[in-house]
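Engineer: Sharing a structure with you now.
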Amino acid sequence: MHPAPSVIAFTTLSGLGFGLLFWLGLGYPNVTGWVAFVLFAIAYLMAVGGLLASTFHLGRPERFLKAFSQWRSSWLSREGICAVAGLIVMAIYGAGLVFLGTSWPLLGAIGAVLSLLTVFTTSMIYAQLKTVARWHTRLTPALFLSLSIAGGALLAGQVAMATALLVLAGIIQMVWWLQGDKAFAQSGTNMATATGLGSIGTVRAFEPPHTGNNYLLNEFVYVVGRKHATKLRMISLVLMIGLPVLLLLAPFAHLFALLAVLSHLIGVIISRWLFFAQAEHVVGLYYGKR
Amino acid sequence: MTQLPEQTERKLGLVIDLDTCVGCHACVISCKGWNTENYGAPLSDQDPYGADPSGTFLNRVHSYEVQPEAGPAQLIHFPKSCLHCEDAPCVTVCPTGASYKRVEDGIVLVNESDCIGCGLCAWSCPYGARELDAAAGVMKKCTLCVDRIYNDNLPEEDRIPSCVRTCPAGARHFGDLGDPDSDVSQLVAERGGMDLMPEQGTKPVNKYLPPRPKDTLNDETNILAPLLAPVEQTDGFLGWLDKALEKL
Ligand code: SF4
Ligand code: SF4
Ligand code: SF4
C-alpha cells in the first residue's frame, strides 16, 4: 500500500494524543491548573493535528461532515464519531481541571474509554480489510492499542507503567511482523484464484492493461524500499521501544524524558511507514506483482 | 445507506467469456467514452499526451499466459470491471453513504455528491474495480451503464451496457443472473461460469466463462521439421551439390 505521509502522521499522532488523553482521563498524573493545561494542550495538538492530517488524503475534504453518518456499518464513520465524542468529553473534563481545579472522575473515565475506542476504531479500519492479509488480524488492534497506551503513559510521565507497556507493545509488534510475513501466502488468494485460470496451468501476467501508471498501481502496488524492510524494523524497534525503556530505567532527568518521547515518536513513524509500505493488497496479483 | 440490502429483486450483471475475448480493448474505449460523456464526473486523464500518461478507467483488459503441465502455453485476455458483488465490502466500509447497492437490480453505485474521496472502498475491493478520479476527487466505478439500460431515449438494441454493445467478439453478455432461466444464467450453467477470488467472500454477480479446452497438438508435429532435417539425398542435384561442397 502507498505509505501516504498524511495517513502515517494521522495514525501516529492521534494514537499518541488519544493515548495521553486516556491516562489524563484516568487521573494519571493527577494534576490541575497550569500543568494540566500543558498536558491537555499537548494531547489535543497531537490528536486534533492527526485528525486534520487525515483529511489531507481526501479527494473532497470539504464534505467531511457526511462521514459521521454511516456508523452502522463503517469503521471509518465510527472512528469519526468516537474521536469527536472523546475530544468533547475530555475538553469538558480538562476545563474542570485547568480552570476550576476540580476533577470529575466519571467524566474522565468516560473520556478515557472514548479515547481508547477511537484508537480501536482506527485500527479496525485496517484490520477489517480482507484484501490486505497482513492487516486482517486481531493483532492489528492489539498493536495500535498497546502502542497508544504505552506512548500515552510515556507522555504522561508514568515511568513504571510506560516501561512495562513499551515492552508489551514491542513484543506485539514483533509477533505482528512475523505473522504478517506469512499472512499473504496463508490467505489462500493467489494468481490462480484471482484469474480462475489455475485449473489450466501456471498463470503468469503477460501484459498489463496499460503501458502507463494508474491509481491502482500507485495506491496498492507500492514496492519501493521493501528491500530495506528488515533494517528499518530493527531501527524502529530500537527507537520505539529499546531506547525509551533504557532512558526510563536511567535516573530521572527531564532531558532523558524528552529524548525518550522523541525517540518513541520517530520509532512509531517508521513502524507505521512499514505498516503501509509492506502491506500487500490482493489487487497486485492481477498485475503479477505479488 | 451503506448497509447492504438483504437481497435484491434482480441481479443484473455481466458474463465475460474468456474463450472468445480477443483482447482488442474496444470495451475499454467504449466504456471510457460513454462514461465520460454521460452520467457523473468525466473520467479524467492526467498528462495524456506527455511522458507519463495515466487516467481513470472503469474497465481494463489484462492478458495472462497460462502454462499447462504439458503442451504449449495459452494466452488469455481478461477484461475486468466491477463485479457488482452481493456481499460488496466496498459498500459497507463507506463512511458517507455514497456507496450503495440498489435493491431493485443489485447494481453497486457511488453517489458522487456524497463521496469525500477517502478511497477506503477501493482498498476494500479485491478486484481493483474502483478508481479515485484525480481531477474530480471522487470515486469512479462501473455503473453497469445504468444510464443506458433503462434509457427510453435510446433505440432498444442500445439499451445494454456500452462495453457489451461494442464487443466485436461477443465476449460480453448482460442480463439478470438472479433469474435461472435468463440467457446469461443458462450460459453460466452450460459453460461452468466461475467467480473470481471466491475465498474473499464477496459473492460476485458477474461470472467468467473459462476458456474451452484447446485442441491437443500432436507432439510429433513440428512444422519446421522438414526444413531443418539434414540433407541426406545422395542423388540428383542436391546430392551432387553436397558432394561438391564436401570436396572443397
Ligand atoms: S467488484 Fe469491487 S467495487 Fe464492485 S461490488 Fe465487488 S467489491 Fe465493490
Ligand atoms: S471514496 Fe467515496 S464512495 Fe468510497 S468509501 Fe470514501 S466516501 Fe465512500
Ligand atoms: S457496464 Fe458500462 S460502465 Fe461497466 S464496464 Fe461496461 S461500459 Fe463500463
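Engineer: Can you put A:2, B:62 in order of accessible area, largest first, using a 1.4 Å probe?
Structural biologist: Order by accessible area, largest first: A:2, B:62.
Engineer: Mind pulling the angle between the C-alpha long axis of helix A:139-155 and the longest principal axis of chain A? Nearest 10 degrees, somewhere in 0 to 90.
Structural biologist: 30
Engineer: Additional query: Identify which of A:17, A:49, A:201 has the largest mean-square fluctuation in a Gaussian network model of chain A, with springs joining Cα atoms closer than 10 Å.
Structural biologist: A:201
Engineer: Here is a follow-up. Can you pull the mean other chain C-beta count within 10 Å for peptide B:77-89?
Structural biologist: 2
Engineer: Assign unit charges at the C-beta atoms only (+1 for Lys and Arg, -1 for Asp and Glu), then state the dipole size of the protein assembly as shown relative to its Cα centre in Debye, rounded to the nearest 20.
Structural biologist: Charge dipole, the protein assembly as shown, about its Cα centre: 2200 debye, nearest 20.
Engineer: Can you give the Kirkwood hydrodynamic radius of the protein assembly as shown from its Cα pairs, in Å with one decimal?
Structural biologist: 26.2
Engineer: To continue, here is another question. For the range B:38-105, what is the charge dipole size about the Cα centre, in debye to the nearest 20, if Lys and Arg each add +1 at the Cβ and Asp and Glu each add -1 at the Cβ?
Structural biologist: 140
Engineer: Still on this structure: Amide H neighbours of residue B:194 under 5 Å, at least 5 residues apart or on other chains, H built in the peptide plane: list them.
Structural biologist: Distant-sequence amide H within range of residue B:194: B:208, B:209.
Engineer: Still on this model: Whole-Hz ³J(HN,Hα) for each residue in the range A:57-67, computed from phi via Karplus 6.51 cos²θ - 1.76 cosθ + 1.60 with θ = phi - 60°, x for glycine and proline: what do you get?
Structural biologist: Result, rounded to whole Hz: 8, 7, x, 10, x, 5, 9, 4, 4, 4, 5.
Engineer: Taking only C-alpha pairs under 8 Å that are 6+ residues apart, what is the relative contact order of the range B:45-179 in percent?
Structural biologist: Reported as a whole number, the value is 17 percent.
Engineer: Given a 1.4 angstrom probe, I'd like the percentage of the accessible area of the range A:5-287 that is carbon and sulfur, rounded to a whole number.
Structural biologist: Whole-percent figure for carbon plus sulfur exposure: 74.
Engineer: So what's chain B giving for Cα Rg divided by 2.2 N^0.38 Å, two decimals?
Structural biologist: Relative to the 2.2 N^0.38 Å estimate, chain B comes out at 1.40.
Engineer: Next up: If I model a spin label as a point 7 Å beyond the Cα along the Cα-Cβ vector, how far apart are those points for residue A:113 and residue A:57 in nm?
Structural biologist: 3.0
Engineer: Taking every alpha carbon pair in the range A:74-160, what does the distance histogram look like in 5 angstrom bins from 0, in percent?
Structural biologist: Once binned at 5 Å, the Cα pair distances of the range A:74-160 give 3, 15, 17, 20, 19, 12, 7, 4, 2, 1.
Engineer: Would you mind giving the mean number of other chain beta-carbons within 10 Å of the Cβ of each residue in A:62-68, as a whole number?
Structural biologist: That works out to 5 on average.
Engineer: Continuing with this model, one more query. Please compute the per residue accessible area over chain B with all protein chains in place, 1.4 Å probe, rounded to a whole number of Å².
Structural biologist: Here the residues of chain B average 49 Å² of exposed surface.
Engineer: For the cross-link pairs A:227/B:80; A:289/B:214; A:289/B:141; B:11/B:101, which exceed 21 Å when the distance is taken from alpha carbon to alpha carbon?
Structural biologist: In this structure, A:227/B:80; A:289/B:214; A:289/B:141 exceed 21 Å between Cα atoms.
Engineer: Here's a follow-up. What Rg and what Dmax come out for the range A:5-287 when only alpha-carbon atoms are used, in angstroms?
Structural biologist: Here Rg and the maximum Cα pair distance are 20.8, 75 Å.
Engineer: Please turn the phi angles of the range A:232-241 into ³J(HN,Hα) values with the Karplus equation 6.51 cos²θ - 1.76 cosθ + 1.60 (θ = phi - 60°), one per residue in order, whole Hz, x for glycine and proline.
Structural biologist: Each residue's phi maps through the Karplus curve to give 5, 4, 4, 4, 4, 5, 5, 6, 6, 10 Hz.
Engineer: Take every DSSP beta bridge with both residues inside the protein assembly as shown and express the antiparallel ones as a percent of the total, to the nearest 5.
Structural biologist: 90
Engineer: Provide the per residue accessible area, probe 1.4 Å, for chain A, rounded to a whole number of square angstrom.
Structural biologist: 43
Engineer: How many Å² of accessible surface get buried when A and B come together, counting both sides, probe radius 1.4 Å, rounded to the nearest 100?
Structural biologist: For chain A against chain B, roughly 4700 Å² becomes buried.
Engineer: Got a sec to turn the phi values of the range A:262-279 into Karplus ³J(HN,Hα) couplings, 6.51 cos²θ - 1.76 cosθ + 1.60 with θ = phi - 60°, whole Hz, x for Gly and Pro?
Structural biologist: After applying 6.51 cos²θ - 1.76 cosθ + 1.60, I find 4, 4, 4, 4, 5, x, 5, 4, 5, 4, 5, 4, 5, 3, 7, 4, 8, 6 Hz.
Engineer: Next up: Which sequence of B:237, A:256, B:57 reflects their accessible areas, 1.4 Å probe, from the largest down?
Structural biologist: Result, largest first: B:237, A:256, B:57.
Engineer: Charges only on Cβ, +1 for Lys and Arg, -1 for Asp and Glu: so what's the dipole of chain B about the Cα centre, in debye to the nearest 20?
Structural biologist: For chain B, the charge dipole is close to 400 debye.
Engineer: Cα axis of helix B:26-37 to longest principal axis of chain B: angle in degrees, 0 to 90, nearest 10?
Structural biologist: 30
Engineer: I've got another one for you. Give me a single rounded figure for A:47-59: the average over its residues of other chain Cβ atoms within 10 Å of their Cβ.
Structural biologist: Other-chain Cβ atoms within 10 Å of each residue's Cβ, averaged: 2.
Engineer: Still on this structure, I have one more. At 0.36 nm per residue, minus the direct Cα-Cα distance, what do residue B:75 and residue B:156 gain on full extension? Give it in nm, one decimal, please.
Structural biologist: 25.6 nm
The values are calculated or read from the model by the stated rules, or taken from the named source; none is laboratory data. Given the structure is predicted, the values throughout are model-derived calculations rather than measurements. Here Cβ is always computed from backbone atoms with ideal geometry, including for glycine, and neighbour counts include all displayed protein chains. Heads up: the accessible areas ignore ligands, DNA and RNA and are worked out on the full protein's heavy atoms, side chains in. Shrake-Rupley method; radii C 1.70, N 1.55, O 1.52, S 1.80 Å.
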